[in-house]
Amino acid sequence: MPRPKDNTVAPAYAAPAVDKALDILEFLAEQPRTFGINELARELSIPVNSVFRILKRLTERGYVELDPVTAGYQLSTRVFSLGMRLHARFDLHRRGRRHLETLCEQTGETCQIQALDRDAMLVVDSMYPPADYFLQIPLGSRKHFHCNAFGKAVLAFLPRAEALALLPSPLFPLTPKTITDREAFAAELDLVARTGIAYDHEEYVTGIVCVVAPVFDVTGRPVAGVGVTGFSSRMTGAAATMFDDRVKAVAAALSRDLGFLPARSDPR
């Protein structure tokens, strides 16, 4: 079935060839395997001749490579290198790394920073404990807001109208525990705003729990969440809430590093 395209916003300037090339790059970035020219044409509803020309040019520029075994195309390491240049400039990642290390050492669980990225949360950094098994979170992953403690932590401190406008309609379930009622989700944001801590109790993935606090920039705007992600077998009840103070302390320290200075009466 052809991949649906986002036609919600009309571009100010049309550049069909550029759009097709970006469609191909974005599609290949999401795939774990190689794709042939005809497959890409079907998936993206792009003429075969166009796919052929674009892939050949991307290959010449080093952004795509042909797998000689499968005869399919995949992204090359040049794309990774390009992304890492931006990654290195991302201030939140640079300043957050030592705080993430501290949290990981204190909790012995996988720790993440996810940043607000338009209509989703972006995994900016992850830190893993020296354990026999742990959760691995791919950098650059984009996560939904409503079933994600990192998303809740940010939305709770945005103006409510702005926060609700970022939610999908309807709130679709990822697990049986996902909050799908908008009023119930608004109540959840109220609780996060009062306590300064957000939870994901198996709402995104069954068996996975998160404990997260918001990170604020110099203007006082919530820009990210920092927290702990682990297996529910190790993070249920008191085992999850025991991380609250540590997560909040690390989030406050990172916020200060970004220039945030809360008022004396501000519970953050």
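Basic side chains Lys and Arg get +1 at the Cβ, acidic Asp and Glu get -1 at the Cβ, and with that the dipole of the chain about its Cα centre reaches some 680 debye. Across segment 16-82, the mean sequence separation of Cα contacts (distance under 8 Å, 6 or more residues apart), normalised by length, yields a relative contact order of 30 percent. The overall shape of segment 43-185 is oblate: from the C-alpha gyration tensor, with semi-axes ordered a ≥ b ≥ c, the ratio a/c is 1.5 or greater and a/b is no larger than b/c.
Ranked by the mean number of other Cβ atoms within 10 Å of their residues, highest first, the peptides 112-119, 226-233 fall in the order 226-233, 112-119.
Taking a straight line from the alpha carbon of residue 143, these aspartates and glutamates sit under 15 Å away, with near neighbours fewer than eight places off in the same chain left out: 30, 117, 119, 125, 200, 202, 203. Averaged over residues, the count of other Cβ atoms within 10 Å places the peptides 39-51, 92-104 in the sequence 92-104, 39-51, highest first. Helix content alone sets the calculated 222 nm mean residue ellipticity of the chain: runs of n ≥ 4 DSSP H residues at -39500 (n - 2.57) each, divided across all residues, give -12500 deg cm²/dmol. Classification of the chain by its C-alpha gyration tensor yields a prolate form. The axis ratio a/c (a ≥ b ≥ c) is 1.5 or more, and a/b outweighs b/c. In percent, rounded to a whole number, the relative contact order of the chain is 14, using alpha-carbon pairs under 8 Å and six or more apart.
Look at the dipole of the chain built from charges on Cβ: of 104, 36, 168, the Cα furthest out on the positive end belongs to 36.
Coordinate-derived values only; no laboratory data. Worth saying up front: this structure is predicted, and the values here are computed from it rather than measured. Neighbour counts run over all protein chains shown; Cβ positions are idealised from the backbone, glycine included.
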